[in-house]
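Enquirer: One structure, pasted below without further comment.
No lab work stands behind these numbers, since they all come straight from the coordinates. If you're wondering where the values come from, they're calculated on a predicted model, not measured in any experiment. As a convention, Cβ positions derive from the backbone with ideal geometry for all residues, glycine included, and neighbour counts pool all protein chains shown.
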Amino acid sequence: MKIQLLIAISESDYAEHLSRVLTKKCTDIFELSVCSAPRLLEEMLSKRRFDVALLDIEMAGDTDLSAIRLPLLVWDGTSELEETLQS
């Protein structure tokens, strides 16, 4: 059984690159989905559950993450993380 992994990062080039690397090296481990638009993330999460999700601050913002067993925040270190998550 493969791990259902969602890459929800607003920078589409980074998200696609990460997806290609994981697909090439870990096809037997992950079933990947990619989303780079916050408005589409809600729709994806309403239709499917994920084991793990890599999300950036923009994507995680006001999104209901209950369809994800393990949401992981990808942080670039440039923004104030605590303030962003509280707003």
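Enquirer: Any idea how many residues of segment 26-62 are without any contact (Cβ under 8 Å) to a residue 12 or more places away in the chain and under 15 Å from Val74 (Cα atoms)?
Expert: 0
Enquirer: Every residue in segment 7-54 that is farther than 19 Å from Leu70 by Cβ and among the aromatic types (Phe, Trp, Tyr), please.
Expert: Within segment 7-54, Tyr14 is the sole residue that qualifies.
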